[in-house]
Structure formats: structure tokens, C-alpha cells
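The values are calculated or read from the model by the stated rules, or taken from the named source; none is laboratory data. The structure displayed is predicted, hence computed values, not measured ones. Please note: Cβ atoms are built from the backbone with ideal geometry, for glycine as well, and neighbour counts cover all protein chains shown. Calculation scope for accessible area: heavy atoms of the full protein, side chains included, ligands and nucleic acids excluded. Shrake-Rupley method; radii C 1.70, N 1.55, O 1.52, S 1.80 Å.
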Amino acid sequence: MFQLFKAASVIALFLSASALSGLGAEPTQCPGDNAGLTLPEGFCAEVFADSVGRPRHLAVDLHGNVFVALARSRSDSSSFGVLGLRDRSGAGVADFQHRFGDLGGNGIVLHEGYLYFAPDDRVLRYPLHWGTLETSGPAETLVSGLPSEGSHRTKSIVVTDDGDLYVNIGSVSNVCQEEDSPGQDPCPQLETRAGIWKFDANRTDQTQADGERFATGLRNVVALALNPHDGGLYGVQHGRDRLAQNWPDMFTTQQSAEKPSEEMVRIESGDDFGWPYCYHDPELNRLVLAPEYGGDGSRAGRCAEKKEPIAAFPAHWAPNALLFYEGDNFPERYRGGAFIAFHGSWNRAPEPQAGYNVVFVPFENGQPSGDYEVFADGFAGAEVSPRGAAHRPTGLAVGPDGTMYIADDRGGRIYRVFYVGG
């Protein structure tokens, strides 16, 4: 019976991927206007679901069911928790949904029959009915009491086959200082925040004290993911702000708009990436000492001993999701590479605001093998700004048919992106 059910699911997925052009025919052009997005030649986009609240991270099961972490919305206080979406007709559009949970959150992972969900101060685990959008029992609390005060409250999570649960706990400040005072040294936040903690993915009733501080010196790694090709943990962190505002004699507003880099890192046990003492300078292409700790804009100081990023992206783009592509719908060059969803900047003046896109980074042997390229753009629409943008990317996932899903927490949209050739 299981084999028959699995076979039926595979057929349904094939029909979903083929419905745009008819069974057995190879599509040659995109239906519609790609939902307003600009994509590489041969790629199409459509709206899988719209106006669903504030979708953050995504997960897709083997049956093509899409699970969405919903954050609380100021405009709709009833839209939060976990939203399940299904395309029953094979038309590439969600036509059935089911929501559960009474807390808003950001991180979401499917693993071995469970859905892991991360509200701001805890990690929950729901047992799922196989192949459906429904839970088969109440949520278990794996970890509770995580720091959630002030800035950078959202939690991103990763679950491994070895039973490890990794949780990003972001810093509570820009650079561990009060107002415009010198930075606190040592920074007390590093004891409980600004790093990655490791817990047991199968144990309930844990607190932060039960976990291990796996890596430190990371301001806020909302974009966190395993690379299935090497088993490594990777992230892209939000860099610091206010270089010119706090240090006008040292930095121009132009420099502050373009520094520091958003850093992509490979995260291993015991790593220290330098926050708040260090930041990555894109001109020098290395870590430098922050002015709050005696830096002059070029001196490395203690930062020479911190771990460098493996890639750097433009300042203030706000990386919110990371995905290593494993599917077979996209062309070969994308397989094994990394996609990053950038939420978009608010503080690049006098330069135009930027980000609001999804980029691709080719990978080989655990390292970027080429420069990043913008893969999907046009989310913001006519006004590229936090309040004026129509859509802002927040989550990424790949379905069993190899198509990509992109979440947007500004317009409440889930996009589906697929390749038709060209």
C-alpha cells in the first residue's frame, strides 16, 4: 500500500510540473508575466499562493506539500503559526491550505516525520500525518526560554541526520554598545547571543543551558542551512550598521553605505567570527577592527585571529535565507550551488536602497567557485525601500520536482520558480 501511495504521489508531482504545457510536451515559454520577476533566460515564475500573512522560512515534503512559517503581522493578528499549502489540481497554484499553531515564528524544518518550528523564544516539534498537511499530535517543546528581547529576535534552525538541532540566536544590538559609547569589552552578549547553539533534536524540555555554544561572533545569521554535498553548516550574517553615523570623522556616508560586507561563513565547532570587535571590509577583503574597539578603518588587530568569511556580498542587503540546490529541474550549473534571499536594505543612503533579490553562488568542494549573480529580481517593484517595496524575499525551498519556492513577508506571497529551457 505504501509503495502504491508513493507512486501516486510521484505521478501527481509529474503532472504538476507538466500541466503548464500539457502532458508529455516540453514547455518552451513562460505563462504570464513571471509574476513581475526578472529571471535568467529559460526560467519562469508564478504565484503559488498570495496574501497569506507574513511568510518567513519554507519547507517542502516529498509529496510537494509546502509548509510556511508565519510571523505575527501587525495588520492581521490572526495570521501566524504554520501554514500548509497544497496544489491538488497540478496547476502550479495552491488550492488547499491548513494552518496550525498559536505562535508566530521564523525557522521551519521537516525531518523524519516531524515539523520543527521556531518561534522567537523556543523550538517546537509537531508530528505529522504522512503525506498530509495535518499534525498527528500536539507540539513538543524541545527548547524554551531562548533570548528574545530587543533586536534580532527571530530564530533560524537546522536539524541534522545525527540528531543535532542548530539554532541561531542573534545579537541584541548593533555592536555591543549603549548609545554612542565605546563598545563593551568583553561583550556580555556573547554568553547567550550572537552565535549558533547546538541542542538535541530529539529531547524535550531543554533550556539554553542544556545546549552548546557551537560558534560565536555572529551578529545575526537568519540565513542558515546545511550543505547536503559536504554536510557542513553554512550561514550568511547581517553585518553591522552606523559606521558614519557613529564615527563621522572616520567614515563618509558613502563608505557607510558600502561597508561592511554581508558575510557568508562555513560554521564549525568553536569558530569565532569576530562580532562585535570586527567587521569585513569589502575594499580590503578582510576583517578589520571596529572603531568602537580602537580600529582605524584598516587595522586588523585582534581580528587577524578570527575566522574569515568564504564570500562577501554588498552591505546592508539583509540575507534572510540560504538554500543549497539539490533538485533536477534547474540546469546542471545550478546543482550544488547556493541561493540566498536578500530582504533588502534600509540604510544605504546616499546610495539607492538595494538587495530585495535572490542571488546564486556556484559552489565546489565547500567553497564558492565563482562570483555571485542576481538570479531573481523585481520583488520590490517601482519603489525599492522597506516601506515602499511590494515584496521582500525571506524564505527559500525546493520541491521534490526540483522547482524553487520563494517566500515574501511584505506582500504575503509564495512564488514558484521553474525552468522550461530556452
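Computed quantities for the displayed model
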| quantity | calculated |
| --- | --- |
| Test: residue in segment 98-106 that is among the small types (G, A, S), farther than 19 Å from T204 by Cα and out of contact with any Leu (no Cβ under 8 Å at 6 or more places or on another chain) | no |
| Residue under evaluation F67, criteria (1) open to solvent by 40 Å² or more (accessible area, probe 1.4 Å); (2) modelled with pLDDT of 95 or more; (3) among the aromatic types (F, W, Y), criterion not met | (1) |
| Search result, residues across segment 82-92 that are assigned to a loop (DSSP other than H, G, I, E, B) and buried (at least 17 other Cβ atoms within 10 Å of the Cβ) | D87, G90, G92 |
| Pairs with Cβ under 9 Å, 6+ apart, first in segment 158-186 and closer than 25 Å to Y279 by Cβ, second β-branched (V, I, T) and surrounded by fewer than 19 Cβ atoms within 10 Å (Cβ to Cβ) | Y166/T160; I169/T192 |
| From S298, S269, S256, residue being farther than 25 Å from F339 by Cα and in a loop (DSSP other than H, G, I, E, B) | S298 |
| Exclusive hit being surrounded by fewer than 17 Cβ atoms within 10 Å (Cβ to Cβ), over 27 Å from G366 (Cα atoms) and touching a Cys at 6+ places or on another chain (Cβ under 9 Å), set D185, D205, D210 | D185 |
| Residue list for segment 227-276, restricted to those being under 23 Å from F199 (Cβ atoms) and open to solvent by 20 Å² or more (accessible area, probe 1.4 Å) | P228, D230, G231, H238, R266, E268, S269, G270, D271, D272 |
| Filtered residue count, segment 105-130, keeping only those that are closer than 22 Å to G395 by Cα and open to solvent by less than 40 Å² (accessible area, probe 1.4 Å) | 16 |
| Selection count, segment 122-151, where residues are in a loop (DSSP other than H, G, I, E, B), closer than 29 Å to T192 by Cβ and modelled with pLDDT of 95 or more | 8 |
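Table: residues versus (1) polar (S, T, N, Q); (2) more than 19 Å from R213 (Cα to Cα).
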| position | (1), (2) |
| --- | --- |
| R125 | no, yes |
| H129 | no, yes |
| G137 | no, yes |
| E140 | no, yes |
| L146 | no, no |
| S181 | yes, yes |
